[in-house]
């Protein structure tokens with residue numbers, strides 16, 4: 001069964017600079033619609049989708065049986081401020097977030113913590129995108 005993806009979400013996913021084989025981190029994945037759409041775009045790549053809500057993660061897992069079976073999609077219940085790579089886990093090439101308050105300026109202190117975590121979990125020159133641009137804007141990680 002194909003996901004029903006809103007036009008806004010489809011536009012955002014299409015605007016992400018994705019390429020086959022990438023490792024992508026979605027922050028605030030909700031029910032996993034964007035994570036599954038990204039997975040379809042990156043071929044043999046991998047997506048880790050995180051959300052602070054146990055209910056959102058349960059919905060995402062429930063809607064992703066095929067993708068989870070491929071071992072290329074994973075969901076974790078954790079906030080970006082608390083996210084760390086597991087032992088042996090490789091860093092991510094790109095991260096994106098849609099409607100996530102800690103990255104859109106609504107919570108400056110937690111936002112600084114989130115950016116610190118992203119610097120730790122992304123590859124050198126890794127990129128972060130949030131909604132709010134046309135349709136995306138890039139969040140610079142080199143700001144101190």
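Among the residues that make up segment 45-62, is at least one of them out of contact with any strand residue (DSSP E or B) (no Cβ under 9 Å at 6 or more places or on another chain), part of a loop (DSSP other than H, G, I, E, B) and at pLDDT 95 or above?
no
Can you report the number of residues in segment 38-66 which are farther than 18 Å from residue 9 by Cβ and touching a residue at least 40 places away in the same chain (Cβ under 8 Å)?
1
Hey, among the residues in segment 8-29 that are without any contact (Cβ under 8 Å) to a residue 60 or more places away in the chain and touching a helix residue (DSSP H, G or I) at 6+ places or on another chain (Cβ under 9 Å), which one's surrounded by the most Cβ atoms within 10 Å (Cβ to Cβ)? If you could, list the steps in order and put the result at the bottom.
At the first step, the residues of segment 8-29 found to be without any contact (Cβ under 8 Å) to a residue 60 or more places away in the chain are 10, 13-14, 19-21, 29.
Narrowing the set further to residues that are touching a helix residue (DSSP H, G or I) at 6+ places or on another chain (Cβ under 9 Å) leaves 10, 13-14, 19-20, 29.
Values: 10: 15, 13: 23, 14: 12, 19: 12, 20: 9, 29: 28.
In this case the residue turns out to be 29.
I'd like to know if segment 4-23 contains one or more residues that are within 14 Å of the chain's Cα centre (by Cα), closer than 15 Å to residue 74 by Cβ and outside any loop (DSSP other than H, G, I, E, B).
Within segment 4-23, one or more residues are within 14 Å of the chain's Cα centre (by Cα), closer than 15 Å to residue 74 by Cβ and outside any loop (DSSP other than H, G, I, E, B).
Name the single residue, out of those in segment 83-129 being without any contact (Cβ under 8 Å) to a residue 24 or more places away in the chain and part of a helix (DSSP H, G or I), that is surrounded by the most Cβ atoms within 10 Å (Cβ to Cβ). Step through it out loud before you land on a result.
At the first step, the residues of segment 83-129 found to be without any contact (Cβ under 8 Å) to a residue 24 or more places away in the chain are 86-89, 101-102, 105-109, 111-112, 116, 119, 124-125.
Add one more test, that the residue is part of a helix (DSSP H, G or I), and what stays is 108-109, 111-112, 116, 119.
Numbers: 108: 9, 109: 9, 111: 19, 112: 14, 116: 12, 119: 13.
Residue satisfying both the conditions and the ranking: 111.
May I ask you to list the residues in segment 63-82 that are part of a loop (DSSP other than H, G, I, E, B) and surrounded by fewer than 19 Cβ atoms within 10 Å (Cβ to Cβ)?
Restricting attention to segment 63-82, the residues satisfying the condition of being part of a loop (DSSP other than H, G, I, E, B) are 63-64, 70-72, 78-79.
Of everything in segment 63-82, those that are part of a loop (DSSP other than H, G, I, E, B) and surrounded by fewer than 19 Cβ atoms within 10 Å (Cβ to Cβ) turn out to be 63, 70, 71, 72, 78, 79.
The values are calculated or read from the model by the stated rules, or taken from the named source; none is laboratory data. Owing to the predicted nature of the structure, the values given are computational and were not obtained by experimental measurement. Using ideal geometry, Cβ is built from the backbone for each residue, glycine included, and neighbour counts are taken over all protein chains shown.
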